[in-house]
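Read through the structure below, which is laid out as structure tokens, and then see the notes.
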Amino acid sequence: MVSRDEEGLYYALDLGGTNFRVLRVQLGGPEGRVLRQEYEEVSIPSHLMVGSNEDLFDYIALELSRFVESEGENYHPKPGRDRELGFTFSFPVKQTSINSGYLIKWTKGFAIPDGVGKDVVQALHDAMKRRGLAMRVTALVNDTVGALAGARYWNEDVMVAVILGTGTNACYVERAEAITKYHGESPRSGSMVINMEWGNFWSSHLPRTIYDEDLDAESLNPGEQGFEKMVSGMYLGDIVRRVLLKMAEDSFLFGTEVPANLYKPNILRTPDISKMHQDESADLREVAKVLKSILGVSSTPLKVRMLVVELCDLVAERGARLAAAGIVGILKKIGRDGSCLSNRSKCDQGEGRHTTIAMDGGLYEHYPKFRKYLQETVAHLLGEEIAANVSVELSKDGSGIGAALLAASHSQYVNT
Ligand code: BGC
């Protein structure tokens with residue numbers, strides 16, 4: 001993946017949610033590693049998330065060129081060379097080479113029909129050309145893959161990367177010979193990274209409720225991303241809202257009138273339920289505040305507030321446990337779950353070694369109870385002995401640096 005020899009100035013662009021991030025990093029080779037880095041976060045106007053591909057990429061190219069113009073003297077592009085960019089694009093893509101790939105579908109609230117089926121690197125190159133920005137994308141990566149590359153740069157025990165943010169996904173390092181779908185040349189390292197796109201996982205065994213079904217049916221992408229809709233930050237708040245609405249209608253939870261705001265999709269966001277869930281005050285003051293400011297419910301008995309907390313707990317716990325089950329499934333697949341104790345050949349593949357799972361995303365980072373449920377479930381499913389060899393570590397913003405590293409290791413100027 002990356003070798004640690006990477007040197008020079010590289011850029012990264014991270015597009016995958018309501019914000020995108022631009023980053024530059026000066027790499028110093030095996031000794032200096034990451035000498036310095038700077039980034040900026042730009043929010044995407046909501047009309048661009050459902051507009052045209054050209055408008056979205058023109059906006060990105062504009063912000064990227066502004067960022068490049070602000071490059072200070074501490075950053076040193078090599079004379080006569082175009083700047084190079086790692087492009088983290090966090091949507092399902094059919095990747096055709098290290099720097100090309102076709103968008104399969106949008107997720108997470110994006111719906112730009114004319115982008116589907118197009119090469120996203122080409123779209124970015126075209127927009128940069130229109131802007132007069134001389135820059136080349138040398139690596140196109142999913143955010144999970146960027147996170148894995150960024151975390152493995154520092155720690156070779158990292159075998160899995162998981163994103164739990166607006167959306168969710170995971171990738172892991174697999175032995176090339178275990179990939180039956182792959183018929184290309186065997187990589188020198190003997191292994192490859194699999195981007196699972198687990199957000200789209202579906203099984204009739206998932207504990208799906210009528211609330212999940214309604215949420216899915218009313219979403220921008222019905223029938224898609226079933227697992228993501230039960231687990232990730234974009235949806236947990238709205239699941240809670242749907243249950244509250246049902247209780248308000250059927251059982252007069254908030255009095256005889258149903259609060260009008262409860263009918264508004266996505267009005268209750270995951271940070272709101274995290275705030276309520278984490279309320280430690282005796283009279284659940286934070287819960288009262290959120291119910292008032294978001295739903296317009298001015299006073300609630302303590303019993304009702306307790307019930308709201310319990311509901312947040314249920315929804316967060318279910319999501320966290322499902323994500324944990326996914327992680328343990330990966331560990332099983334790569335033989336790091338203790339199963340080698342009954343099959344010695346698996347032990348040779350790294351069983352008994354420490355395994356680190358690099359985790360990124362706002363849901364995991366900012367929702368301590370979700371985090372706790374996830375860690376507890378991973379430990380519980382693995383058992384104490386194996387769990388002692390597995391750690392889940394927050395690797396914040398690793399995907400940007402990871403993309404820059406991959407841009408460096410695939411530079412068009414390598415060997416020149
Ligand atoms: C996308 C993935 C991405 C994940 C986390 C999902 O909606 O399909 O490609 O990795 O979100 O950002």
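Cβ separations smaller than 9 Å between residues 6+ apart or across chains give the following pairs from the range 163-178 residues that are closer than 19 Å to G402 by Cα to residues that are in a strand (DSSP E or B) and more than 16 Å from the ligand (Cβ to nearest atom): Y172/M159; V173/V158; V173/M159; V173/S191; V173/M192; E174/S191; E174/M192. Taken over the range 96-109, residues that are surrounded by 19 or more Cβ atoms within 10 Å (Cβ to Cβ) and in contact (Cβ under 8 Å) with a residue 40 or more places away in the chain amount to 4. Contact map, the range 57-79: residues that are closer than 21 Å to G28 by Cβ paired with residues that are in a helix (DSSP H, G or I), Cβ distance under 9 Å, separation 6+ or inter-chain. No pairs are found.
The single residue among G338, G383, G402, G350 that is modelled with pLDDT of 85 or more and at positive phi turns out to be G383.
Yes or no, residue by residue, for (1) among the small types (G, A, S); (2) modelled with pLDDT under 95:
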residue: D119; (1), (2): no, no
residue: N155; (1), (2): no, yes
residue: A161; (1), (2): yes, no
residue: T180; (1), (2): no, yes
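The set of residues in the range 13-33 being within 17 Å of G398 (Cα to Cα) and within 15 Å of the ligand (Cβ to nearest atom) consists of L13, D14, L15, G16, G17, N19, F20, R21. From the list L215, L220, the lone residue that is within 16 Å of the ligand (Cβ to nearest atom), of a type outside the set (S, T, N, Q) and without any contact (Cβ under 8 Å) to a residue 40 or more places away in the chain is L215. Consider the range 135-173 and keep the residues that are out of contact with any strand residue (DSSP E or B) (no Cβ under 8 Å at 6 or more places or on another chain) and either within 16 Å of the ligand (Cβ to nearest atom) or among the acidic types (D, E) (or both). The one that is least open to solvent (accessible area, probe 1.4 Å) is G167. Just one of the listed residues (F57, F67, F89) is within 16 Å of the ligand (Cβ to nearest atom), at pLDDT 95 or above and open to solvent by less than 20 Å² (accessible area, probe 1.4 Å), namely F89.
Among the residues of the range 189-212, those that are within 16 Å of the ligand (Cβ to nearest atom) and in a loop (DSSP other than H, G, I, E, B) comprise M196, E197, F201, W202. Pairing each residue of the range 127-151 that is within 18 Å of N99 (Cβ to Cβ) with any residue that is open to solvent by less than 10 Å² (accessible area, probe 1.4 Å) and aromatic (F, W, Y), provided the two are 6+ apart or on different chains, yields C-beta distances under 6 Å for A127/F57; V137/F87; L140/F87.
Would the range 177-195 turn up any residue that is of a type in the set (D, E, K, R) and open to solvent by less than 60 Å² (accessible area, probe 1.4 Å)? Spell out the reasoning first.
The first filter runs over the range 177-195 and keeps only residues of a type in the set (D, E, K, R), leaving 177, 181, 185, 188.
Right, trim to open to solvent by less than 60 Å² (accessible area, probe 1.4 Å) and you get none.
No - not one qualifying residue is present in the range 177-195.
The values are calculated or read from the model by the stated rules, or taken from the named source; none is laboratory data. All figures in this text were calculated on a predicted structure; none of them were measured in a lab. As a convention, Cβ positions derive from the backbone with ideal geometry for all residues, glycine included, and neighbour counts pool all protein chains shown. Only protein heavy atoms, including side chains, enter the accessible area calculation; ligands, DNA and RNA are left aside. Shrake-Rupley method; radii C 1.70, N 1.55, O 1.52, S 1.80 Å.
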